[in-house]
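Report on one structure; see the data block that follows.
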Amino acid sequence: MHDHNKALEVFRNGTAIPATPLALTEDRKFDEATQRLLMRYYLNAGAGGIATAVHSTQFAIRDCGLFEPVISIVSEEVDKYEQSSGRSVIKVCGACGRIEQAVREAEIAKLYGFDAVLLSPGGLGDVDEAYMIERTKAVAKVLPVIGFYLQSACGGRVFSYDYWRQVADTDNVIGIKCASFNRYTTNEVVRAVCNSPRRDQISLYTGNDDNIVSDLVSTFTFQTESGVVSKGFVGGLLGHWCIWTKCAVELLQMAKEAKASGDYSRILALGPQITDMNEAAFDPKNGFKGCIPGIHEVLRRQGLMKNIYCLDEKEVLSVGQSEELTRVIASYPHLIDDDFIAANIETWKRQA
């Protein structure tokens, strides 16, 4: 049986959490078998958590009746994996919308055995920060909350230092995922957490796909009312990590070892390479329009997805994106896990 306390301990200690994509059939219906296959890949690759119903899963699953089918499969596959492996895995469910919707989605996630909610700040119009704090507190009464700094290109917004300080001060907020893609705002989030009396109860997770390595190896130090406080990112909750996941797990372990030993030479060399790979997959040149299809294309080439379809037919690869993916895959063979997938995919398909 899934143990929530053990799962939350995995989160506190820092782990690799891929944000799952959505598998569709040729007629854009939900492909349950492929969704389960993806889950088996992530879990057997060593992911310590799974995040679903988030940006890479496509927020539109809520508009076509797929929210519950998707999260139920994710929860089932985690439970089965835990029973067979003995490992604990944290289940994270995205929640969106205004207070009523976000609370309702958190309640559904709790019903399906999820451990925490990643609370999306997007799609709320011009509500003020006070409303956002009220929303955080309301959802935190249902499940532990992971705050989320989402970049504006994907529907996020810029928040003040005071906002993040209030988030950090909120009971049952257990973490913050920083995906602002901005070094200034990233610094501000960490400073807010360091100044909070709840600082030791909050785990920082990078979502900054353009600076993954930098976040994982950096130590942020600030002068606070309590004295000098240092804190760093303990893991990653990333759409980028739903591709080449085994290598992502190894990268996080390498970062932990580098911080422990003080030898950063090997991992720092990987930083620009990983950013290059992310650029090909996430399509920043075109405002990230090809981000989700880019993820799908990597998984399709590996045999883990049947197509690159999104719920919105207009979401397709950008011109030249496929060629860029071919380039980075060839350039960085040490950062892909094709051989691991090829050796195990038939076994994963046969699992009940």
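The values are calculated or read from the model by the stated rules, or taken from the named source; none is laboratory data. As the structure is a computational prediction, the values presented were derived from the model and not from experiment. Note that we place each Cβ from the backbone using ideal geometry, even for glycine, and neighbour counts take in every protein chain shown. To get the accessible areas, we keep the full protein, side chains included, count just its heavy atoms, and leave off ligands, DNA and RNA. Shrake-Rupley method; radii C 1.70, N 1.55, O 1.52, S 1.80 Å.
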Open item on the list: Can you compute the modelled spin-label distance between residue 338 and residue 62, with each label point 7 Å from Cα toward Cβ, in nm?
Closed with: 3.8 nm
- [ ] Could you please report the charge total around residue 247, scoring K, R as +1 and D, E as -1 over all other residues with beta-carbon less than 13 angstrom from its beta-carbon?
- [x] -3
- [ ] Run the dipole for the chain about the Cα centre, Lys and Arg Cβ at +1, Asp and Glu Cβ at -1, nothing else charged, and hand back the magnitude in debye, nearest 20.
- [x] 420 debye
Task: All-pairs Cα distance distribution in segment 119-185, expressed in whole percent, bin size 10 Å - done: 21, 58, 20, 0
Open item on the list: Charges on Cβ only, +1 for Lys and Arg, -1 for Asp and Glu, centred on the Cα centroid of segment 1-79; of 69, 17, 4, which one is farthest towards the dipole's positive end?
Closed with: 17
Open item on the list: Using only the Cα atoms of segment 166-238, what semi-axes does the equivalent ellipsoid have when each is the square root of 5 times a gyration tensor eigenvalue? Give whole Å, largest first.
Closed with: 19, 14, 10
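Per residue, what accessible area does segment 174-320 have, given a 1.4 Å probe and all protein chains present, in Å²?
For segment 174-320, the per-residue accessible area is 40 Å².
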Open item on the list: How large a share of the accessible area of segment 184-278, in percent, is made up of carbon and sulfur atoms when the probe is 1.4 Å and the other protein chains stay in place?
Closed with: 48 percent
Open item on the list: Out of the trypsin sites (Lys or Arg not before Pro) in segment 1-50, which ones are loop residues according to DSSP with at most 13 other C-beta atoms within 10 Å?
Closed with: 29
TODO: Calculate, for residue 349 and residue 183, the FRET efficiency according to 1/(1 + (r/R0)^6) with r their C-beta to C-beta distance and R0 35 Å; round to the nearest 0.05.
DONE: 0.25
- [ ] Please state, to two decimals, what the Cα-based radius of gyration of segment 90-236 comes to when divided by 2.2 N^0.38 Å (N = residues).
- [x] 0.98
- [ ] With the cut-off at 12 Å, report for segment 64-108 the share of all Cα pairs above it, as a whole percent.
- [x] 66 percent
Task: Simple Cβ-charge dipole of segment 107-232, Lys/Arg +1 and Asp/Glu -1, about Cα centre, in debye nearest 20 - done: 180 debye
Task: Solvent-accessible area per residue for segment 40-162 (1.4 angstrom probe, square angstrom) - done: 35 Å²
Task: Over the chain, equivalent-ellipsoid semi-axes from the Cα gyration tensor in Å - done: 28, 24, 20
- [ ] Using a 10 Å cut-off on Cβ atoms, rank the peptides 258-264, 69-75 from the highest mean neighbour count down.
- [x] 69-75, 258-264
Open item on the list: Using the Cα atoms of segment 281-334, I'd like the radius of gyration and the largest Cα-Cα distance, Dmax, both in angstrom.
Closed with: 10.9, 34
TODO: Would you mind estimating how fast segment 1-105 diffuses translationally, via Stokes-Einstein at 37 °C and 0.692 mPa s with the Kirkwood radius over Cα pairs, in µm²/s?
DONE: 231 µm²/s
Open item on the list: Looking at the chain as a GNM with Cα springs under 10 Å, which of 45, 281, 106 has the largest mean-square fluctuation?
Closed with: 45
- [ ] Give the Kirkwood hydrodynamic radius (Å, one decimal) of segment 90-143, defined as one over the mean of 1/r across all pairs of different Cα atoms.
- [x] 11.0 Å
Open item on the list: In segment 71-198, if the dipole is taken from +1 on Lys/Arg beta carbons and -1 on Asp/Glu beta carbons about the Cα centre, which of 163, 146, 187 is farthest to the positive end?
Closed with: 187
Task: Share of carbon and sulfur in the accessible heavy-atom surface of segment 37-145 [1.4 Å probe, %] - done: 50 percent
Task: Reachable aspartates and glutamates from residue 177, criterion Cα separation under 18 angstrom, eight or more residues apart if same chain - done: 9, 115, 129, 162, 169, 188, 200, 209, 210, 215
Open item on the list: Given contacts defined as C-alpha pairs under 8 Å and at least six residues apart, what's the relative contact order of the chain, whole-number percent?
Closed with: 17 percent
Task: In segment 229-326, GluC sites (Glu not before Pro) in a DSSP loop with at most 15 other beta-carbon atoms within 10 Å - done: 313
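Expressed in whole Å with the largest first, what are the equivalent ellipsoid semi-axes of segment 218-312 derived from the C-alpha gyration tensor as the square root of 5 times each eigenvalue?
32, 17, 12
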Task: Which of 244, 296, 322, positive extreme of dipole for segment 235-326 (C-beta unit charges) - done: 244
TODO: Sort out for me the Cα centre separation of segment 96-153 from segment 290-311, rounded to whole Å.
DONE: 28 Å
